[in-house]
1. Would you be so kind as to identify which of C:F321, C:Q104, A:L61 lies farthest towards the positive end of the dipole of the protein assembly as shown, taking Lys and Arg as +1 and Asp and Glu as -1 on Cβ and the Cα centre as origin?
2. Under the definition of Cα pairs under 8 Å and six or more residues apart, what whole-number percent is the relative contact order of chain B?
3. Would you work out the relative contact order for chain C, in percent, from Cα pairs under 8 angstrom that are 6 or more residues apart?
4. Per residue of chain A, what 222 nm ellipticity follows from adding -39500 (n - 2.57) for every DSSP H run with n ≥ 4, rounded to the nearest 500?
5. If you place +1 on the Cβ of every Lys and Arg, -1 on the Cβ of every Asp and Glu, and leave all else neutral, what size is the dipole of chain C about its Cα centre, to the nearest 20 Debye?
6. At 222 nm, what helix-only mean residue ellipticity would chain C give, in deg cm²/dmol to the nearest 500, using -39500 (n - 2.57) for each DSSP H run of four or more?
7. So for chain A, considering every pair of alpha-carbon atoms, how many percent are separated by more than 24 Å?
8. According to the Cα gyration tensor, what semi-axes, each the square root of 5 times an eigenvalue, does the equivalent ellipsoid of the range A:3-128 have, listed from largest to smallest in whole Å?
Amino acid sequence: MNKLFEIKDLSVKYSSKKKVFSNNENYVNAVESVSFDFIKGEVLGIVGESGSGKSTVSRCLLSIIKHIDKSSLVSGNVVYNEGTKSIDLLKTKGKELKQVRKKIQGVFQDPDSSMNQRLTAGKIIEEPLLNLTDLTKQEREAKIKDVLQKCGLSEEDINKYPNEFSAGQKQRICIARALVVEPEILIADEPLSSLDISIQAQILNLFADLKEKYNLSIVFITHDLNIVKVFCDRLIVMKDGKIVEQGNTENVLSNPKNDYTRTLLLSNISNSS
Amino acid sequence: MSKNKSNINSLFHKRWSKFKLHKRGFYSLFVILVLYALSFLLPFIVNKDPLIIKYNGNYYFPVFKYYSAATFNVQSNSEANYRKLKQTIDEKNKDNFVLMPLYPYGPNENLLDELNSMPPNPPAKNNWFGTDDRGRDVFARVLYGFNISVSFGLLVTLFSFMLGTLAGALSGFYGGKTDMFFQRAVEIWSALPFLYLIIILSSFITPGFSLLTFILVLLNWVGITLYVRGEVLREKAKEYVFAAYVSGSSKFRIITRHILPNSISPIVTFAPFAVVGNIALLVALDFLGFGLQPPTASWGQLIQQGMSYPTLDRWWLIIIPLIFQFITLILIVFVGEGFRDAFDSKQYSRLK
Amino acid sequence: MKKILQILNLKTYFFAVDEKSNKEIILKAVDDVSLDVYEDEILGIVGESGSGKTVTAQSIMQLIPEPSGKIVSGEIFYKREDVLKKHGEELRKIRGKDIAYIFQETYSSLNPVLTIEEQICEVITTHLDKSYDEARQISVDLLISMGIKDAKDRIKDYPHQFSGGMRQRIALAMALAAKPSLLIADEPTTMLDVTIQKQILDLLLSIKKNKQLTSVIFITHNLGLVSKYCDRVAVMYAGKIQEVSSVSEIMKTPLHPYTKGLLSASAFLKDKDNKVYTIPGNTPSLKELPRGCKFCNRCSEAFDKCFISEPDLIEINPNHFVRCHLYQETNINE
């Protein structure tokens with residue numbers, strides 16, 4: 001079992017300090033002592049509602065938690081096993097972090113706000129290549145065309161602006177951006193939640209397809225148990241910053257041991273009932 | 001990447017199309033830009049130096065070069081009076097000619113020996129807008145003053161916005177102590193008694209154009225800071241900034257390539273009004289005597305001269321510069337309205 | 001069954017200027033919609049982006065922003081009077097007292113700068129002949145019945161001091177304060193967590209059972225919710241109603257290809273290739289709708305007639321209406 005991530009006792013506290021020089025530090029526990037593993041080749045679902053801490057966990061995995069909130073207190077270990085090396089993502093900076101970013105990429109929830117509306121699709125997708133690789137212009141162009149095609153878009157879309165695309169296509173651009181550097185791991189933070197139902201299914205199929213093509217291991221964060229049932233191998237249920245249950249998707253959903261998981265299952269109304 | 005042919009769907013193009021719909025603003029921008037560009041050609045249009053002289057078989061270009069009077073057999077310590085030279089040459093020799101600009105008077109030229117009465121002289125056939133109290137042609141001074149005033153307005157706005165944007169961006173992006181520092185700086189700067197400072201400074205420095213620009217930028221930069229700070233604060237919490245971090249972008253790249261281009265809305269909408277304010281400021285300072293000093297052509301100075309006479313005795317010194325100032329400012333205000341309309345996303349945004 | 005609301009041939013259009021050509025474009029957000037709401041039912045209106053479901057609901061209350069939007073034609077009968085012809089004072093009487101509306105965004109229903117007490121009392125004193133003190137007592141009782149237990153203490157709080165779910169309960173209380181007959185709930189739970197969603201919708205169901213309301217129009221994009229909470233459902237696409245039927249029938253035998261696709265996609269059912277069922281293509285842009293049936297370019301069962309002419313909404317089975325050429329009489333022979 002190749003463990004890509006080993007997360008031990010991850011805790012994130014957000015400071016609610018109002019003034020820069022004040023002394024009373026009040027902290028909100030966004031994530032409390034979360035521990036789990038992430039295995040190569042799997043799709044791991046992280047499920048929870050608002051305030052569960054799932055987005056905070058995804059931001060730790062993407063090493064952007066400190067960028068979003070400088071004053072947050074992060075403790076614990078987020079170990080990434082790349083081949084034979086083990087790196088603690090929470091302590092990685094500079095060049096080493098850039099190397100890691102080539103391997104771990106992300107897709108976010110709202111396709112509109114995840115893209116700089118002033119750049120063309122081509123430039124948006126090119127960004128990781130410019131920052132993380134030394135490819136020549138031609139090589140970059142080739143990679144962009146390739147990833148566009150794999151994501152169901154065409155070469156002509158390179159010079160178009162985000163507002164010329166439909167919501168589903170926008171999310172495809174975001175996915176293409178994540179995959180253009182051919183990462184090992186994809187962290188998807190509620191990538192379907194902003195989309196219409198009929199489009200959600202399309203993009204989910206795309207994820208499945210791309211998982212094969214790029215040999216990806218995916219951490220899929222969502223609140224929708226129907227998606228988890230269909231796409232995730234294992235599942236983590238979070239509430240109020242803590243993990244309340246984890247395990248094989250089938251087992252957890254058919255035999256939930258935690259009350260909250262049961263409530264979640266009951267509230268998730270599906271058409272197949 | 002193949003060269004991006006100007007995609008009509010780019011945000012810039014959309015805003016520009018929307019701006020063009022605002023006819024008044026669009027035409028005003030066209031007019032003011034053309035006039036400003038032409039004003040740089042004034043030395044060829046309104047000048048005491050002729051464009052070309054052919055004298056005794058040689059060509060001379062006084063508009064570019066200084067020639068001593070002796071070159072043309074004229075008795076004088078400095079340059080010849082080319083208008084008189086033109087008269088004498090035209091009378092005498094058919095082969096020689098003097099090509100004067102369209103309006104043959106300069107802005108800094110003292111015309112005392114050519115005038116019939118004591119200056120300031122009212123508008124006449126030769127001097128369309130009369131002369132000021134030193135005998136200098138008012139028409140020339142008003143036109144050159146246009147170039148100086150607009151240049152001043154543009155430069156002060158440009159540099160103070162650059163400084164202000166930098167401060168706002170740093171303040172908004174880094175937050176914490178940086179933000180605190182800049183916000184206090186803005187507060188302190190805004191509390192400075194601007195006019196008194198200028199008066200004090202002017203009492204021991206006589207500011208030229210560059211120095212005055214520099215001083216004003218130093219006092220004015222806070223204007224746009226807080227607006228840019230607000231935009232940056234809003235943008236930095238958006239997911240495309242997170243995505244940029246994940247794509248390996250450096251902080252510098254994120255600020256310059258992602259956040260700032262999406263924060264220009266207040267900059268563009270305020271810029272024309274800032275230019276207007278700075279032009280008016282220059283006129284006011286010149287009027288009070290704390291701005292540009294003579295012989296630099298300046299509207300404020302002309303008005304000041306006019307006001308020193310009882311009632312509207314020397315009305316052309318007051319009314320003419322004011323009319324020019326009014327037209328200039330109103331054109332820029334129209335442009336500002338057009339920009340504001342182009343950036344206003346509210347009208348049809350409810351279609352979603 | 002008696003009808004409480006009758007929408008007849010409603011057309012609500014939006015007007016915009018195309019940036020490239022500077023020509024005016026007309027977006028037919030609601031294009032000739034006719035729909036009945038019966039007494040004692042919860043009618044679901046289901047659709048995705050661009051379907052026109054929200055605009056239809058807003059048209060009932062005349063909440064369409066002018067001049068960019070306009071109710072071009074149509075009639076909406078409530079208790080035998082055309083509410084679209086009502087303006088000013090008469091319209092005010094209907095809004096809140098007869099027909100209530102709650103929004104997807106709680107801050108569209110609630111004013112952030114007023115206390116809860118002020119807002120609910122305003123509704124009561126406006127529509128019912130009560131003094132402010134009586135109104136306050138009624139408000140507290142209402143809030144308690146909506147599940148806000150410490151209502152007496154909290155009634156003087158501001159909306160931001162409550163969680164999203166609680167705000168929606170308050171919005172419901174405000175909507176019911178003047179005892180309306182019809183409630184229009186526009187995606188009231190889309191922004192809420194699933195567990196809270198269930199609570200709010202169960203509450204809505206109980207409100208109707210207790211006869212605090214006669215009927216509810218429930219607008220959503222979630223067919224699952226419709227199957228659980230609604231009696232009848234209307235499926236909208238590109239500004240038109242595509243299918244109307246009772247929930248039980250539509251779940252068993254959906255007729256319109258769009259409805260079938262939506263049902264499969266919502267449940268994330270997998271087909272034989274282990275791919276999730278999807279409806280190919282993109283949700284319709286009102287700027288570029290196909291000729292003929294608006295769904296033809298995404299329909300797996302489309303044939304030549306679909307690309308040429310638009311089908312009518314026809315009753316195929318009792319009380320089951322479909323707008324699809326597959327079921328038009330002339331095709332039955334084939």
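1. A:L61
2. Across chain B, relative contact order equals 20 percent.
3. Here the relative contact order equals 20 percent.
4. My calculation for chain A gives -10500 deg cm²/dmol from helical runs alone.
5. Once rounded to the nearest 20, the dipole reads 300 debye.
6. The helix-only estimate for chain C comes to -9500 deg cm²/dmol at 222 nm.
7. When all Cα pairs of chain A are counted, 51 percent exceed 24 Å.
8. They are 25, 22, 16 Å, listed from largest to smallest.
Quick note: the coordinates plus some simple rules give every number you see, no bench work behind them. In this text, all values refer to a predicted model and were calculated from it rather than measured experimentally. Using ideal geometry, Cβ is built from the backbone for each residue, glycine included, and neighbour counts are taken over all protein chains shown.
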